[in-house]
Amino acid sequence: VGEGGATVDVPADNIRHQFEVNVVGPLLLTQGIAKQMVKRGSGRIVWVSSREGLNVNPFTGIYSASKHAIEAIAESMADELQEFNIEVATVNPGPFLTGFNDRMFQTWESWQDDPSERLYDYAKLAFPRAQFDPEPVYATLTAVAAGEVDTYRNLEPASMLEETKSLIMAPWDRKTKANLGKRPDKLQASFEMKPETPVSK
């Protein structure tokens, strides 16, 4: 599930739900399956992470945090299960036009909070990026699950690979006082983007 909203606005129950569904539930399920794989001496575990598990965007911080948690679990699990002949991989879908991203920016409608205390008016915001046709991620996920691909991390679309890597490095150079008092362009994009905007070809 994806919970949209500023990290300082999302209510506690919604934060807990995000982590229960995206982190706690999948991990508990995988624990039992992994131990069965250990007994038979082989297996393959594929974690469906996200590009948001590697980068962040405004208003997706709680969802992104859950996917960063999946990244930590998957990488640790890969080390822990290596000696038992169990493969571990991640698939990291970017912004695909499936409806998921746009629904994330509607979750505020169910919040049990005081709207007057919110930092932002979420009725004015949309997912801040154009979205890709989802076919490539389906093919990659199927190939990774079938063992036809043996790379640990599998990002789709591949066209976002270099941008993703550069954004992973960007915090090392970020200054805490840089651009204070100004709205970041990537945040402003949520005010300007229309829902379900496809990537232009």
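The values are calculated or read from the model by the stated rules, or taken from the named source; none is laboratory data. None of the values given here were measured: they were computed from a predicted structure. Neighbour counts are summed over all protein chains in view; Cβ atoms, including those assigned to glycine, are modelled from backbone coordinates with ideal geometry. Heavy atoms of the whole protein, side chains included, go into the accessibility calculation; ligands, DNA and RNA do not. Shrake-Rupley method; radii C 1.70, N 1.55, O 1.52, S 1.80 Å.
Normalized C-alpha radius of gyration of region 1-57, against 2.2 N^0.38 Å?
Working: Rg = 15.0 Å, N = 57, 2.2 N^0.38 = 10.2 Å.
After normalising by residue count via 2.2 N^0.38 Å, the value is 1.47.
Keeping the other protein chains in place, figure out the carbon and sulfur percent of the accessible area of the chain, with a 1.4 Å probe.
Numbers: 6560 of 11930 Å².
Whole-percent figure for carbon plus sulfur exposure: 55.
Which whole-number value in Å² is the accessible area per residue of the chain, probe 1.4 Å? Could the numbers behind the result be given before it?
Working: 11930 Å² over 201 residues.
Result: 59 Å² per residue.
Of the options Ala189, Ala143, Gly99, report the single residue whose Cα projects farthest towards the positive end of the charge dipole of region 86-201 (beta-carbon charges: Lys, Arg +1; Asp, Glu -1).
Ala189
Across region 85-201, how many lysine pairs, 8 or more apart or on two chains, come within less than 22 Å at their alpha-carbon atoms?
Number of lysine pairs found: 9.
For region 58-142, with only Lys/Arg (+1) and Asp/Glu (-1) charged at the beta-carbon, what is the dipole magnitude about the Cα centre, in debye rounded to 20?
Numbers: 5 positive and 14 negative charges, 80 e Å.
Using Cβ point charges on Lys, Arg, Asp and Glu, region 58-142 gives about 380 debye.
Convert 25 °C to kelvin, take the viscosity as 0.890 mPa s, use the Kirkwood radius over C-alpha pairs of region 1-160 as Rh, and evaluate the Stokes-Einstein diffusion coefficient in µm²/s, rounded to a whole number. Could you put the intermediate results ahead of the total?
Details: Rh = 16.9 Å.
This corresponds to a translational diffusion coefficient of 145 µm²/s.
Which whole-Hz couplings ³J(HN,Hα) result when phi for each residue of region 156-172 is put into the Karplus expression 6.51 cos²θ - 1.76 cosθ + 1.60, θ = phi - 60°, listed in order with x for Gly and Pro?
10, x, 4, 5, 9, 4, 5, 4, 4, 5, 5, 6, 5, 7, 3, x, 5
For a test of the definition: using alpha carbon positions, the gyration tensor, and the 1.5 limit on a/c, classify region 132-197 as rounded, prolate or oblate.
Details: a/c = 4.72, a/b = 1.71, b/c = 2.75.
Verdict is oblate for region 132-197.
Using the Karplus curve 6.51 cos²θ - 1.76 cosθ + 1.60 with θ = phi - 60°, work out ³J(HN,Hα) for each residue of region 127-134 in order, rounded to whole Hz, and write x for Gly and Pro.
3, x, 10, 5, 10, 8, 4, x
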